[in-house]
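Participant: Got a structure for you, questions after.
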Amino acid sequence: MYDQLYLKELQSLKQKVNDERNRELLNQKEREDYIRLWSHEIKTPLTRMKLMLDDNHQNSNNKLQKQVRIIQSQLDLLLTYERIKSFNSDIHFKEVNLREECNHCLKNLMEMAIDKNLIVQNNLPNVTYLTDEKWLKIVIEQLLMNAIKYSNDNGQIKIELQGNVLKIIDNGIGIQAADLPEIFKAGYIGKNTRQNENASGLGLYIVNQICQKLNIGINVQSVENHGTTVNLSLVSKLIQK
């Protein structure tokens, strides 16, 4: 009887080791796939920059600056993806002023908004939220970048607070209903977003991962050709200043 119990325990242990090894292999494969994808995304604007340098077109300087922004954005995503793995040891909670944080993010994205002649309204009241500032900044900046990226020229973006829900609202190209359930999957690119040269399908995946770790609920509502609203449910108490 003891031999049978020993064998059963040994088989169970072997199965656990095999399962863990398979998970590690899967994680490694996913990581390699992401790196290859990002490499492609970075090589594309680099190739375009080389062609522009060989061209004496009058607007080549502005186009070069746009490609540089694309490269910087992709590199930032890559670094963020790498940092998520050490999230638990890289988190420091403090009171963060939501209005000021959004203004900082918008300052970094100002050139993108100006290029499309967008009106961006930060209607947030002066409230603070207990969270990790650097990780929340990544979430807000990525969502605002998406709103700008997928807005039509001369469009409008609003940032509002309803109760404990932070809303980022645009009137851009929207997301097809069939794509909505998939948008947080790594590498997923919906039909409408495929039109954008800077769509990697990883921004919302990273945003969702961070929100889960910060205990922030995220929900996306969208109607194709009418715009998108991203809702961030801030479960911690908001403090009015």
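The values are calculated or read from the model by the stated rules, or taken from the named source; none is laboratory data. Computed from a predicted structure; not experimentally measured. With ideal geometry, Cβ positions are generated from the backbone for all residues, glycine too; neighbour counts draw on all protein chains shown. With ligands, DNA and RNA removed, areas are computed over all heavy atoms of the protein, side chains included. Shrake-Rupley method; radii C 1.70, N 1.55, O 1.52, S 1.80 Å.
Participant: Of LYS158/LYS185; LYS185/LYS213; LYS66/LYS213, which ones are farther than 24 Å apart at the Cα? Could the numbers behind the result be given before it?
Facilitator: Numbers: LYS158/LYS185 26 Å; LYS185/LYS213 16 Å; LYS66/LYS213 32 Å.
Long pairs (Cα-Cα over 24 Å): LYS158/LYS185; LYS66/LYS213.
Participant: So, counting K/R as plus one and D/E as minus one, what does the shell of residues with Cβ under 13 Å around LYS167 add up to? All intermediate terms of the calculation are to be shown ahead of the outcome.
Facilitator: Details: positive: LYS158; negative: GLU160, ASP170.
So the surrounding residues net to -1.
Participant: Then there is this: List the residues, sorted by chain then number, that are 5 or more residues from VAL96 or on another chain and whose placed amide H is less than 5 Å from its amide H.
Facilitator: Residues meeting the amide H criterion: TYR129, LEU130, THR131.
Participant: So, in nm, how far is label ASN154 from label ASN126 when the simple model puts each one 7 Å beyond its Cα toward the Cβ?
Facilitator: 3.7
Participant: Counting heavy atoms of the protein chains only and a 1.4 Å probe, report the per residue accessible area for segment 76-187 as a whole number of Å². Present the calculation step by step, with values, prior to reporting the outcome.
Facilitator: Values: 5350 Å² over 112 residues.
Normalised by residue count, the accessible surface of segment 76-187 is 48 Å².
Participant: What is the sum of charges around GLN121, taking Lys and Arg as +1, Asp and Glu as -1, for the other residues whose C-beta is under 10 Å from the C-beta of GLN121?
Facilitator: On the way: positive: LYS158; negative: GLU160.
Combined, the nearby Lys, Arg, Asp and Glu give 0.
Participant: So what's the Cα pair-distance distribution over segment 120-241, bin width 10 Å, in %?
Facilitator: Spelled out bin by bin, segment 120-241 gives 13, 47, 32, 8, 0 percent.
Participant: Once label points are set 7 Å from the Cα along Cα→Cβ at both SER233 and ARG83, what is their separation, rounded to one decimal in nm?
Facilitator: 2.7
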